[in-house]
Number of protein chains: 2
Amino acid sequence: MAFSPLLQNLVNTLRCLPGVGPKSAQRMALHLLERDRPGALALASALVDAVENIGECSQCRTLSEDDVCDICSSQSRDRTLLCVLESPVDMMAIEQTGGFNGVYFVLKGHLSPIDGIGPDALGIDRLLDRIDQGEIEELILATNPTVEGEATSHYIVEQLRDHPVKITRIAHGVPVGGELEFVDGGTLAHALAGRRSLR
Amino acid sequence: MAFSPLLQNLVNTLRCLPGVGPKSAQRMALHLLERDRPGALALASALVDAVENIGECSQCRTLSEDDVCDICSSQSRDRTLLCVLESPVDMMAIEQTGGFNGVYFVLKGHLSPIDGIGPDALGIDRLLDRIDQGEIEELILATNPTVEGEATSHYIVEQLRDHPVKITRIAHGVPVGGELEFVDGGTLAHALAGRRSLR
Ligand SMILES: [Zn+2]
Ligand SMILES: [Zn+2]
């Protein structure tokens, strides 16, 4: 004997959330229905609002419901310093260190020929165009310190071989093989401050 | 600098889920928007469907979109055996042991004078009416082995002082002070099998 069909459906769909197994999905569903129905409806409408309205910033490609996100449109950021990242989560992790006042470019992934993810999918053309415009003085490559992240940074360095922009890579200090998203703020701030020049 | 307003709103509303802190809410929101927008919409619609359609079974008070739930309407359950529980989660926990073939009555809480939760809120009148109908031969009190759960069981026993129905309490074996929901199936099955008569 299982839950009623609608309840079972809710339990199943809750499992689309990362880190939620069958047991916690069950607890979540029952909690919402027994104790927080307004919360469940608020969550439903936040999900729909977010999916329908959040696209990407036309400048940095982070998740944003505005054409240009708050960071890209801010007057107080240093536009000569551009930090390249794999994901919006990494951007938030760096923002939360409070130690970076430049702007960002989010690749939304890394080069992965096996999965058919090439430079186009990562918007690398747009990144190169932006560097060509000349405002950027330093490009900080903050892709993950994984094989794919390193390969992606390497590819960008190759594309800029004939361009005078300064290129740096965040310092080791970020554990090799790890994901920026899970690194504590102190380590991240340290990794940024200790970035080394790639040429 | 925080997330965009809609994204921050999604992160905030995800925190209505039990066990979800700020960090996991953030990971969930970004995962959905970056990798599983169909999943997010499916979750939104499952939440609305569940909240709008799931009420309680008119017989046992468990969560159900039907007037009478599958267990109460099943022809193969033993209707002479009624198990009284605090919550639908407890009912599911007992169902999952596979060791009980009677029917249930869900109080949806326990007596708590401080919170203004009295016998009415728990449907105890309906429970007593049902026992008066005479079909039930044994009432198994399976409220949590906490102070409130014991007090609730004790209250029900008092109300039935002049009624001949057999009353049992699930055996200790369930850790005292614990919650049924978190007890493993083996222990629960044992506790049910070893139930002792209260009179
Ligand atoms: Zn932007
Ligand atoms: Zn029922």
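The values are calculated or read from the model by the stated rules, or taken from the named source; none is laboratory data. Since the structure is predicted, the reported quantities are computational estimates derived from the model, not experimental observations. Reconstructed Cβ throughout: ideal geometry from the backbone, glycine too, with neighbour counts over all protein chains shown. To get the accessible areas, we keep the full protein, side chains included, count just its heavy atoms, and leave off ligands, DNA and RNA. Shrake-Rupley method; radii C 1.70, N 1.55, O 1.52, S 1.80 Å.
If you go through region B:67-98 and keep only what is within 19 Å of A:GLN26 (Cβ to Cβ), open to solvent by 20 Å² or more (accessible area, probe 1.4 Å) and more than 14 Å from ligand 2 (Cβ to nearest atom), you end up with B:GLN96, B:THR97, B:GLY98. Of the residues making up region A:59-73, those that are near ligand 1 (Cβ under 8 Å from one of its atoms) and either farther than 13 Å from A:LEU85 by Cα or of a type in the set (D, E, K, R) (or both) are A:GLN59, A:ARG61, A:SER64, A:VAL68, A:CYS69, A:ASP70, A:ILE71, A:CYS72, A:SER73. Per the conditions (1) in contact (Cβ under 8 Å) with a residue 12 or more places away in the chain; (2) within 16 Å of ligand 2 (Cβ to nearest atom), the sole criterion not satisfied by A:GLU34 is (1).
Hey, could you check region A:49-61 for residues that are crowded, with 17+ Cβ neighbours inside 10 Å and touching a helix residue (DSSP H, G or I) at 6+ places or on another chain (Cβ under 6 Å) and say which is farthest from B:GLU181 (Cα to Cα)? Out of the qualifying residues, it is A:GLN59. Taken over region A:99-122, residues that are touching a residue at least 12 places away in the same chain (Cβ under 8 Å) and either open to solvent by less than 10 Å² (accessible area, probe 1.4 Å) or in a strand (DSSP E or B) (or both) amount to 8.
For region B:67-92, a residue qualifies if it is of a type in the set (Asp, Glu) and at pLDDT 95 or above, and the qualifying residues are B:ASP67, B:ASP78.
Against the definition (surrounded by 21 or more Cβ atoms within 10 Å (Cβ to Cβ), more than 7 Å from every other protein chain (Cβ to nearest Cβ) and hydrophobic (A, V, I, L, M, F, W, C)), how does B:VAL11 come out, yes or no? Answer is yes for this residue.
Does any residue of region A:151-168 turn out to be more than 25 Å from B:ARG27 (Cβ to Cβ), in a strand (DSSP E or B), open to solvent by less than 60 Å² (accessible area, probe 1.4 Å) and free of Cβ contacts under 8 Å to residues at least 40 places away in the same chain? Within region A:151-168 (the criterion being more than 25 Å from B:ARG27 (Cβ to Cβ), in a strand (DSSP E or B), open to solvent by less than 60 Å² (accessible area, probe 1.4 Å) and free of Cβ contacts under 8 Å to residues at least 40 places away in the same chain), the answer is yes, since at least one residue qualifies. Filtered by the rule that a residue be more than 8 Å from every other protein chain (Cβ to nearest Cβ) and either open to solvent by 40 Å² or more (accessible area, probe 1.4 Å) or among the charged types (D, E, K, R) (or both), region A:16-48 gives A:PRO22, A:LYS23, A:ARG35, A:PRO38.
Just one of the numbered conditions (1) open to solvent by less than 10 Å² (accessible area, probe 1.4 Å); (2) polar (S, T, N, Q); (3) more than 7 Å from every other protein chain (Cβ to nearest Cβ) is not true of B:SER64: (3).
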